[in-house]
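Written below as structure tokens is the structure these notes are about.
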Amino acid sequence: MLSLFKAKPLVSKEEESWLIDAFIWACDNFDGQYFLEHTQVIEPTGQFFPDQVSSVEQMAQTVFKRVRDYAGLQVWPVQLVNPNQMMPQQIAPFKFVSSNRGADAQIVNPPSIPMSLSYNPNQINQPQDLVASLAGSLALMMVYQKGVMPPGGKEQIPAASDALACYLGFGVMMSNTVYQFKGGCGSCYNPYANRQAALTEPQTVFMHALICHFKPQVDGKKHLKPHLRSMYKQAQKQIKALLNESANPYLLALEEKRHAQLS
């Protein structure tokens, strides 16, 4: 029997396939065990960002340290510099003893000069954009440092960096900052503060929902913008149907661990 009201998928089968492949690529290359045991879904609240700051630079540095540590990159040799101090750099590859994330990660022959990232001062008044942009920059750095191309190859690095930022736990802010409404008369709208997104809103929300699926204690839609919450519910249905039909051994193993968390 055909259903007259069959739920519409949030993303196409082609998009779904790439996003799933990107998730598995992230697990394979950026410590899937750490993801399962330690990654949190970071929310735009005082619980995750409780700091008080008194200057633009202090805010940028404080948010950077929070984002870096939540991403599990505490020991990575990376620093945040003022935009006018940012210089072209070559990311020197380095290896880890075992795990490449977490406070206990150990680098073999760490570089003498840390990698540098910067920030957009226009985003100081749009903290979710600042958090998402820093998460995306760290994800991009991770991709180049690891040197393993994402699904689709080099052309997909920007999209894979967005997906990886969601995998690191920043899917709420990544989803909320894909597109900014001007609102009202537009006098408070600053296009220069907006994050440059590579994934669409549905693609980002799908990736965020996929991450949250394996974090069953988290309400992943609670802090999403209102118009994204229906997308999130669509993604949940699509992901549930996908996993029910999947024969992928990696996804099946993750699903088994998820059920263990719930029992």
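Annotations
- Test result for Y179, modelled with pLDDT under 95, not in a loop (DSSP other than H, G, I, E, B) and not acidic (D, E): no
- Looking across segment 204-236, the residues that are out of contact with any helix residue (DSSP H, G or I) (no Cβ under 6 Å at 6 or more places or on another chain), in a helix (DSSP H, G or I) and open to solvent by 10 Å² or more (accessible area, probe 1.4 Å) come down to P226, H227, R229, S230, K233, Q234.
- Annotation: P93 fulfils all but one of (1) out of contact with any strand residue (DSSP E or B) (no Cβ under 6 Å at 6 or more places or on another chain); (2) open to solvent by less than 40 Å² (accessible area, probe 1.4 Å); (3) modelled with pLDDT under 95; (4) closer than 18 Å to Y144 by Cβ; the unmet one is (2).
- In segment 67-104, the residue that is nearest to M141 (Cα to Cα) out of those that are assigned to a loop (DSSP other than H, G, I, E, B) and of a type in the set (F, W, Y) is W76.
- Close pairs from segment 237-263: first surrounded by 13 or more Cβ atoms within 10 Å (Cβ to Cβ) and modelled with pLDDT of 90 or more, partner assigned to a helix (DSSP H, G or I) and of a type in the set (D, E), Cβ under 6 Å, at least 6 apart: L243/E255
- Within segment 100-124, the residues that satisfy the criterion of being over 25 Å from V63 (Cβ atoms) and either touching a residue at least 40 places away in the same chain (Cβ under 8 Å) or open to solvent by 70 Å² or more (accessible area, probe 1.4 Å) (or both) are Q106, N109, S112.
The values are calculated or read from the model by the stated rules, or taken from the named source; none is laboratory data. What you see is a predicted model, and the numbers here were worked out from it, not measured in a lab. A quick note on method: Cβ atoms are made from the backbone with ideal geometry, for glycine too, and the neighbour counts reach across all protein chains shown. For accessibility, only protein heavy atoms count, side chains too; no ligands or nucleic acids. Shrake-Rupley method; radii C 1.70, N 1.55, O 1.52, S 1.80 Å.
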